[in-house]
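The values are calculated or read from the model by the stated rules, or taken from the named source; none is laboratory data. Quantities reported herein were computed from a predicted structural model and do not represent experimental measurements. All Cβ positions, glycine included, derive from the backbone under ideal geometry; neighbour counts span all protein chains shown. Accessible surface is based on the protein model in full, side chains and every heavy atom, while ligands, DNA and RNA are left aside. Shrake-Rupley method; radii C 1.70, N 1.55, O 1.52, S 1.80 Å.
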Amino acid sequence: MTMEPWDELLADAERAALRAWEAISPYWRSSGLESFVKADDSPVTVADRMADKLIVESLQERYPASEYGYLTEEFEHGLERLERRRVWIIDPIDGTRDFMRGGSQFAIQVGVAERLEDGHYRPVAAVVYQPITGDVFFAARGGGAFVRREADLTNGAAMWWQEGGRGLAGASWDAPKALRASRKADLSALTAVITSSRPPERLKRALDKIAVKDVFQSGSMGVKVAMVASDRADFYMNLEPNRCKEWDICAPQLILEEAGGRVSDAFGRELTYNLESPAKTNGVVASNRVSHEAILSAIADLEDLPR
């Protein structure tokens with residue numbers, strides 16, 4: 001798994017995600033979890049803000065803001081990032097609603113976007129950590145995508161962060177396993193993974209047009225895209241304008257693409273990062289690649305696709 005020149009970024013991204021979870025894990029299933037509603041009607045908790053701050057502080061030990069940009073969900077970091085060659089793009093808790101419910105379908109996401117030769121920013125290193133299942137999904141550009149699971153979880157053993165666990169210093173992990181997206185091309189054989197909340201009407205109409213075989217629901221966008229990368233689903237789509245932000249999709253995109261999948265907007269255009277506005281105005285479609293064009297064609301005549 002040679003992942004130069006981004007292997008150090010990847011290792012530090014994983015370290016920052018694990019440290020953040022070590023600090024905020026007591027808030028999971030806590031009856032006293034304090035939460036707020038943001039201007040876009042999405043929830044945020046003290047755990048989100050704590051994790052955001054801790055991840056940035058951990059990374060800035062090696063990657064100062066004078067050289068690296070930072071774009072995170074919970075704090076304003078300024079537009080000086082637009083001038084940096086590399087930008088850390090962070091979602092401290094992707095799937096906050098699921099976290100608040102005490103569920104398992106949320107993730108800590110840390111990605112790096114770099115300005116490449118074409119002048120656009122693309123993901124080059126990515127970690128999606130799903131603490132409750134013990135899965136660390138990770139990828140570096142050109143190096144493939146992998147999942148590493150916490151070891152020794154049989155017979156009810158405590159996870160490293162739980163009471164009775166070994167702590168972060170004593171955590172052990174199984175050998176990484178390569179991820180590979182499915183190779184299904186026939187739309188009628190596909191499985192979609194969608195939001196765990198009430199599906200928007202636009203999404204329902206899109207799924208009707210595709211006529212998928214099965215539909216699963218899950219919380220975090222990162223977890224859903226990781227399911228596609230892991231061949232547990234064939235595609236995911238979010239067709240709500242401006243709903244998806246750079247921190248939602250940056251790390252998951254790289255993991256899926258390195259697993260053989262594809263991510264685009266609803267019109268097939270490649271996503272770019274480190275834009276002045278982090279909102280993805282044209283939606284997101286993430287697939288196993290071989291079915292991607294057929295999915296886009298099936299939804300192309302929807303009158304209200306985000307444009």
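Straight-line cross-link partners of Lys177 among the lysines, defined as a Cα under 28 Å from its Cα and at least 8 positions apart when in the same chain: Lys213, Lys224.
Remark: accessible surface ordering of Glu117, Glu67 (largest first) is Glu117, Glu67, probe radius 1.4 Å.
Across region 254-307, counting alpha-carbon atoms alone, Rg and Dmax equal 11.7, 32 Å. Share of carbon and sulfur in the accessible area of the chain stands at 46%, probe radius 1.4 Å. Find the percent of Cα-Cα distances in the chain that exceed 38 Å, and round it to a whole number. Of all Cα-Cα distances in the chain, 9 percent exceed 38 Å. Solvent-accessible surface of protein heavy atoms, probed at 1.4 angstrom with all chains present, puts Trp161, Trp88 in the order Trp161, Trp88, largest first.
How large is log10 of I(q)/I(0) for region 158-307 at q = 0.19 Å⁻¹ when the intensity is taken from the Debye formula with one equal scatterer per alpha-carbon? Treating every Cα as an identical point scatterer, log10 I(q)/I(0) equals -1.09. Between Arg101 and Leu275, the simple label model (points 7 Å from Cα in the Cβ direction) yields a spacing of 3.0 nm.
From Cα pairs below 8 angstrom and at least 6 apart in sequence, can you work out the relative contact order of the chain, rounded to a whole percent? With pairs under 8 Å counted, the relative contact order is 17 percent.
Loop-located GluC sites (Glu not before Pro) in region 122-215 (DSSP state not H, G, I, E or B) with no more than 16 neighbouring Cβ atoms inside 10 Å: Glu163.
Each label point was placed 7 Å from the Cα along the Cα-to-Cβ direction; for Asp301 and Arg166 their separation is 5.8 nm.
Applying Stokes-Einstein at 25 °C and 0.890 mPa s to the Kirkwood radius of region 120-171, computed over alpha-carbon pairs, gives a translational diffusion coefficient of 195 µm² s⁻¹. Taking region 62-76 and a reference point 7 angstrom along Cα→Cβ of Leu82, the backbone N atoms nearer than 20 Å belong to 65-76. Over the chain, accessible surface divided per residue gives 43 Å², non-protein components excluded, 1.4 Å probe. Sorting Leu33, Leu9 on solvent-accessible area from highest to lowest, probe radius 1.4 Å, gives Leu33, Leu9.
The amide H of Leu179, built 1.01 Å from its N in the peptide plane, has Ala145, Phe146, Val147 as neighbours under 5 Å, considering only residues 5 or more places off or on other chains. Using a Förster distance of 35 Å, how high is the FRET efficiency between Arg149 and Ser35, based on the Cβ-Cβ distance and rounded to 0.05? The calculated FRET efficiency here is 0.75. Per-residue packing, averaged as other Cβ atoms within 10 Å, sorts the ranges 73-83, 292-302, 164-174 into the order 292-302, 73-83, 164-174, beginning with the highest.
Taking max minus min of the alpha-carbon positions on each principal axis, region 105-192 gives extents of 49, 38, 23 Å, largest first. In the frame of its principal axes, region 36-116 has Cα extents of 38, 24, 23 Å, reported largest first. When the alpha-carbon atoms of region 146-209 are used, the pair Rg, Dmax equals 19.2, 50 angstrom.
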